[in-house]
């Protein structure tokens, strides 16, 4: 006897590839079809060269020119300019200002990627994609984190020491890049690029070379820059910038 469920129509969950590409902001459907014909699109590691392919946006991994498309509807990524004095936590039992205060109106629950100490301001990414967050944090993936540190003075050999490596109490650390941006009386602004995410790592690096930080701002994580985003403002990361972020994380 035939089961009732076998008589029901099968629901089609897959969508035409060019429609998914267009929805992700790659271009018009015609332009997306051209990309497919040119062999610039892959699904789950397999290059697609013919039209008519259907995909499941919630399951299939799609790349265009080597860049990952984030097609899962529930995944979100935000850039937040954390003000000074705000704790990097979603809830504070003492009622102090925290990152969670700024995301109460979001439809989806997010968490912060790494931390900034209360006295450090600047770029903090928020997402609900655990794999992306782990890759952005872990130094083995080499994602750049750019800071601008202000110190009162900086010895001539300090930049070389920051670049060559400094032994801290929890291991060696070195900057990928370090340069002086501006020098004035009692203030030197230094741009520092690192791959680390350890607690207060930038401040401890400058302490180690005898130049305690008086102000610190994180300005960039991988391809995502703070730009003119005002403190306390949350910004959606999407389109080309989102694709570049996933690519930087090796996804």
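The values are calculated or read from the model by the stated rules, or taken from the named source; none is laboratory data. For clarity, every value in this text was computed on a predicted model and none was experimentally measured. Quick reminder, even Gly has a Cβ in these numbers, built from the backbone with ideal geometry, and neighbours come from all protein chains shown.
Points to keep in mind about this one:
- Scope region 174-196; condition assigned to a loop (DSSP other than H, G, I, E, B) and loosely packed, with under 13 Cβ neighbours inside 10 Å; matching residues: 185, 186
- Scanning region 202-251 for residues that are in a loop (DSSP other than H, G, I, E, B), on the phi < 0 side of the Ramachandran plot and touching a strand residue (DSSP E or B) at 6+ places or on another chain (Cβ under 9 Å) returns 209, 211, 212, 226, 229, 230, 231, 233, 237, 238, 249, 251.
- Scan of region 58-92 for residues that are in contact with a helix residue (DSSP H, G or I) (Cβ under 8 Å, 6 or more places away or on another chain), over 16 Å from residue 223 (Cα atoms) and part of a strand (DSSP E or B), ordered by number: 62, 64, 82, 87
- Which numbered condition residue 199 fails, given (1) crowded, with 16+ Cβ neighbours inside 10 Å; (2) over 14 Å from the mean Cα position of the chain (by Cα): (1)
- Residue in region 128-150 that is out of contact with any helix residue (DSSP H, G or I) (no Cβ under 8 Å at 6 or more places or on another chain), at pLDDT 95 or above and over 14 Å from residue 222 (Cα atoms) present: yes
- Whether a residue is free of Cβ contacts under 8 Å to residues at least 24 places away in the same chain, outside the structural domain of residue 244 (by TED's automatic domain parsing) and assigned to a loop (DSSP other than H, G, I, E, B) was assessed, and residue 39 passes this test.
- Members of region 62-84 found to be free of Cβ contacts under 8 Å to residues at least 24 places away in the same chain and over 30 Å from residue 101 (Cα atoms), listed by number: 63
- Some residue of region 136-149 being part of a strand (DSSP E or B), in contact (Cβ under 8 Å) with a residue 40 or more places away in the chain, under 15 Å from the mean Cα position of the chain (by Cα) and surrounded by fewer than 21 Cβ atoms within 10 Å (Cβ to Cβ): yes
- One residue from 123, 116 being surrounded by 14 or more Cβ atoms within 10 Å (Cβ to Cβ), touching a residue at least 24 places away in the same chain (Cβ under 8 Å) and not in a loop (DSSP other than H, G, I, E, B): 123
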